[in-house]
Amino acid sequence: MSSNPRLVLAYSGGLDTSVAIQWLAEHKGYDTIACAVDVGQAEPGELDRVHQRALDCGAVEAVVVDAKREFAEDFVAPAIAANSLYMGKYPLVSALSRPVITRHLVRVARETGAQAIAHGSTGKGNDQVRFEVTAMAIAPDLKVEAPIREWGLSRDAAIAWAEERHIPLPITRSSPYSIDENLWGRTAECGVLEDPWIEPPEDVYQRSAPLAQTPDEPEELTIAFHEGLPVAVDGRELALVDLIAEVDRRAGAHGVGRIDMLEDRLVGIKSREIYECPGAVTLLEAHRDLEDLCLEQELAQEKRALEGRYAQLIYNGLWYTPLKAAIDAFVATSQPYVEGEVRMKLFKGHATVVGRRSDRGLYVPDLATYDEGDQFDQSQAEGFVKLWGLPTKVWADLQGPGAARRDGISDASSGAPVA
Ligand code: ARG
């Protein structure tokens, strides 16, 4: 074994991270241990090829980690509980995966005595932030290298650099897009997508059918939740990782989950992003709806206010931070009541809630009904409205329209002329 310092690289099997292995050896003197973390991005068998490719490209060691279950349970589950959508739209596909990948880079670094970890992100995106800030939180002693950000090579220049050194480049189908994928969804950027006016070509999508080809009959899906987490589909209990895959497949067949958005990156850039998240969109819709049935209204309101903040923390790489943990604790106290079933209709790109029920819900038919059996005492409403409106009444009389009318001037506060 050489005495070079060791480094654990988050290895995808793509061009950049394949070239990075030799680059890190030449420029920094590292022996690289390639670490491919499976968060549901790969076809079965693909990661075995990725493993071999890492060795072919000069890694001293290669490890493939199956982190699908861990990703689903430790990262996606809290995001479901908190209805996490960045800018109200993006289910945080890549943002959720970076902390789990980093966790494994750190673990492998500890096991192999490595002094550094490395990621293949550029300097223009959010992913560099997520890898590095996660590492700062959980392993502040490890150095983090970012070869792609540092070398500044174009794709062609990287290929030429690798060919000079006889690095066996991965023969990837060269996609016109930059893709990131896992069990929670798929992301695409670059190429023609950089023009926000251009409709995304159909070849961007892989997990959802084009509307012209979706079934002309709607399909129903019943999702059961236990303590805020989806646990069964159509009465069949499934582990979260399998449940997400099942809902993803069925909703995708109806063209659900395509998201086209202009996104505010942490580094200040607005970028055009295409997401494909049939399962995430369907499950979040169902979860949110069940909360409307099960959560007391003040709690629900405060939770909604925190959800945007929470999504932002995840997006901005702040998974391992005290505020994130505090909001987790808040969310956790709300979820034991989120029990029941949601009926979803999948049709022509929509996942629509068409029914919900719960043994722990707060819907009381005898209070809500306009029919016989109404238990709501409407006579109490009169006093309620009077007291509720008292501050408004006092204000209107002394400072607002009432005062203005007495003084014969226009209403100063609203600018409206006095009638
Ligand atoms: N813009 C998204 C995010 O920041 C997607 C990033 C995708 N990453 C990638 N390396 N292609 O979460």
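Quick notes
- Counted by Cβ distance under 12 Å from Ala54, the other residues give a net charge of -1, where Lys and Arg count +1 and Asp and Glu count -1.
- Residue among Asp127, Asp180, Asp371 with the largest mean-square fluctuation in a Gaussian network model of the chain, springs linking Cα atoms under 10 Å: Asp371
- Most to least accessible of Arg265, Arg69 (protein chains only, probe 1.4 Å): Arg69, Arg265
- Per-residue ellipticity at 222 nm, computed for the chain from helices alone with -39500 (n - 2.57) per DSSP H run of at least four residues, works out to -12500 deg cm²/dmol.
- Integer Hz, Karplus 6.51/-1.76/1.60 couplings in order for the stretch 266-279, x for Gly and Pro: 4, 7, x, 8, 8, 10, 8, 10, 10, 10, 9, 9, x, x
- Within the stretch 124-164, the trypsin sites (Lys or Arg not before Pro) that combine a DSSP coil assignment with at most 13 other C-beta atoms in a 10 angstrom radius are Lys124.
- When the alpha carbon gyration tensor of the chain is reduced to an equivalent ellipsoid, its three semi-axes come out at 49, 26, 22 angstrom, largest first.
- Charge dipole magnitude, Cβ of K and R +1, D and E -1 - the stretch 246-322, Cα centre, debye nearest 20: 360 debye
- Pairwise FRET efficiency - Ile179 versus Gln297, Cβ, R0 = 60 Å, nearest 0.05: 0.90
- Accessible surface of the stretch 1-132 [probe 1.4 Å, protein heavy atoms]: carbon and sulfur percent: 46 percent
- In terms of packing, defined here as the mean over residues of other Cβ atoms within 10 angstrom, the peptides 132-140, 83-91 line up highest first as 83-91, 132-140.
- Over the stretch 1-118, accessible surface divided per residue gives 36 Å², non-protein components excluded, 1.4 Å probe.
- Taking a Cβ cut-off of under 9 Å around Ile274, the surrounding Lys, Arg, Asp and Glu residues balance to a net charge of -1, with basic ones at +1 and acidic ones at -1.
- Neighbour cut-off at most 10 other Cβ (10 Å), DSSP loop, chymotrypsin sites (Phe, Trp or Tyr not before Pro), the stretch 168-225: Trp197
- Considering only Met87, Ile101, Val133, the residue lying farthest towards the positive end of the dipole of the stretch 64-154 is Met87, judged by Cα position with unit charges set on Cβ.
- Packing rank of 212-218, 280-286, 13-19, where each peptide gets the mean count of other beta carbons within 10 Å, highest leading: 280-286, 13-19, 212-218
- Here's the picture: charge each Lys and Arg Cβ at +1 and each Asp and Glu Cβ at -1 in the chain, and of Pro200, Ala54, Pro44 the one pushed furthest to the positive end of that dipole is Ala54.
- Portion, in percent, of the accessible area of the stretch 264-419 that falls on carbon or sulfur, probe 1.4 Å: 56 percent
- Between helix 15-28 and the chain: long-axis angle, C-alpha atoms, 0 to 90°, nearest 10: 60 degrees
- Most mobile listed residue (Asp359, Asp248, Asp289) in the chain, GNM with C-alpha springs under 10 Å: Asp359
- Of Gly40, Gly355, Gly252, the one that fluctuates the most in a GNM where the chain has Cα springs shorter than 10 Å: Gly355
- Residues of the stretch 134-177: accessible area per residue with a 1.4 Å probe, Å²: 63 Å²
- Rg ratio (alpha-carbon, reference 2.2 N^0.38 Å) - the stretch 120-164: 1.40
- Restraint check, Lys303/Lys348; Lys89/Lys348; Lys28/Lys143, Cα-Cα greater than 23 Å: Lys303/Lys348
- Think of a 1.4 Å ball rolled over the protein heavy atoms: the stretch 324-374 then has 63 Å² of accessible area per residue.
- Between Lys270 and Thr333, the modelled labels are 3.9 nm apart [label points 7 Å from Cα along Cα→Cβ].
- Taking 0.36 nm per residue of separation and subtracting the Cα-Cα distance, full extension of the segment from Arg236 to Leu390 would add 50.1 nm.
- The chain - charge dipole about Cα centre, Lys and Arg +1 at Cβ, Asp and Glu -1, debye rounded to 20: 1120 debye
- Positive-end residue of Ala157, Ala332, Thr222, charge dipole of the chain with Cβ unit charges: Ala157
The values are calculated or read from the model by the stated rules, or taken from the named source; none is laboratory data. If you're wondering where the values come from, they're calculated on a predicted model, not measured in any experiment. Every residue, glycine among them, receives a Cβ derived from its backbone with ideal geometry; neighbour counts consider all protein chains shown. These area figures cover heavy atoms from the full protein model, side chains too; ligands, DNA and RNA do not enter into them. Shrake-Rupley method; radii C 1.70, N 1.55, O 1.52, S 1.80 Å.
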